[in-house]
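A.B. asks: Okay, here's the structure, questions in a sec.
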Amino acid sequence: STLYPLSFTLFFFARATLMSVAMALMAVAFATVLGLLSSRANNWITSLARREFIQASLTADLEKEISERKQTEREMVRMMHTDPLTGLPNRTAFLELLATAFAAAKGGAEPFAILYLDLDRFKDVNETLGHWSGDELLKAVAKRVGDVLREAVSLARVGGDEFGIFVAGFEIRARIEELASQ
């Protein structure tokens, strides 16, 4: 780009008049200003592009961090409401279910039943066969009881060897008695 103003300068100097010299100097000045402006414009555009890229990168990082945090929070809530041994809802989740059911019942919702299951002599299993055997027994009970129950029933481990069973929308007392006997 410096050769272009130089050719104008030589052309105007070749005529050697005052007007041609002035025109040549103006052309050189104009070309120099254009060169400076284009250089600064390129730097400005490059700097804008760099800022846009950095901002997009930071935004992507922030979105990823927010997503990971939300996933961690969901996992924490799940863990706070789940018994780690059996994978069933725990006492906290069961009490929340009951609070919701009682509030709904005050508003005229369908009746519900609560059954309580406690394993007799569970302490003896732990003391004689060890905690590992007791844990395996709890898992087996949770699976068997869960297999017997239907979708309208919620099973939770509410204590060491205690299980809570919530039956929503029952209509006949005999159905609850049958479920309890199973």
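A.B. asks: In debye to the nearest 20, how big a dipole does region 83-129 give about its Cα centre with +1 on each Lys and Arg Cβ and -1 on each Asp and Glu Cβ?
C.D. replies: The calculation lands at about 160 debye.
A.B. asks: Now for a different question. How would 44, 132 rank on accessible area, largest to smallest, probe 1.4 Å?
C.D. replies: Listed by decreasing accessible area, they come as 132, 44.
A.B. asks: Take 175, 91, 40 and sort them by solvent-accessible surface of the protein heavy atoms, 1.4 Å probe, largest at the top.
C.D. replies: 40, 91, 175
A.B. asks: Shifting gears a bit: Using alpha carbon centroids, what distance separates region 155-182 and region 111-139, in Å?
C.D. replies: 16
A.B. asks: Given a 1.4 Å probe and the protein chains all in place, what does the accessible area of residue 97 round to, in Å² to the nearest 10?
C.D. replies: We get 60 Å² for residue 97.
A.B. asks: Which one, (i) 53, 19, 13; (ii) 87, 21, 11; (iii) 32, 25, 15, gives semi-axes √(5λ) of the Cα gyration tensor in Å as derived from the coordinates shown?
C.D. replies: (ii)
A.B. asks: Grab the DSSP H runs of the chain that are 4 residues or longer, score each as -39,500 (n - 2.57), total them, divide by all residues and round the 222 nm result to the nearest 500 deg cm²/dmol.
C.D. replies: -24000 deg cm²/dmol
A.B. asks: Taking the solvent-accessible surface of protein heavy atoms with a 1.4 Å probe, what is the per residue accessible area of the chain in Å²?
C.D. replies: For the chain, the solvent-accessible area averages 75 Å² per residue.
A.B. asks: Separate question: Which value, in debye to the nearest 20, describes the size of the charge dipole of region 36-182 about its Cα centre when Lys and Arg Cβ atoms bear +1, Asp and Glu Cβ atoms bear -1, and nothing else is charged?
C.D. replies: The calculation lands at about 760 debye.
A.B. asks: Any idea of residue 73's accessible area? Nearest 10 Å², probe 1.4 Å.
C.D. replies: 100
A.B. asks: Still on this structure, I have one more. In the chain, what percent of the accessible surface is made up of carbon and sulfur (1.4 Å probe, ligands and nucleic acids excluded)?
C.D. replies: 62
A.B. asks: Also, I was wondering about something else. Among the lysines, which have Cα under 30 Å from the Cα of residue 123 when same-chain residues fewer than 8 positions away are ignored?
C.D. replies: 139, 143
A.B. asks: Put 106, 139, 70 in order of accessible area, largest first, 1.4 Å probe: what do you get?
C.D. replies: 106, 70, 139
A.B. asks: With point charges of +1 on the Cβ of Lys and Arg and -1 on the Cβ of Asp and Glu, referenced to the Cα centre of region 94-168, which listed residue (165, 102, 146) lies farthest in the positive direction of the dipole?
C.D. replies: Highest projection toward the positive end goes to 102.
A.B. asks: If one takes the longest principal axis of the Cα atoms in the chain, at what angle in degrees, from 0 to 90 and to the nearest 10, does the Cα axis of helix 18-80 lie?
C.D. replies: 0
The values are calculated or read from the model by the stated rules, or taken from the named source; none is laboratory data. These figures come from a predicted structure and were not determined experimentally. Here Cβ is always computed from backbone atoms with ideal geometry, including for glycine, and neighbour counts include all displayed protein chains. For accessibility, only protein heavy atoms count, side chains too; no ligands or nucleic acids. Shrake-Rupley method; radii C 1.70, N 1.55, O 1.52, S 1.80 Å.
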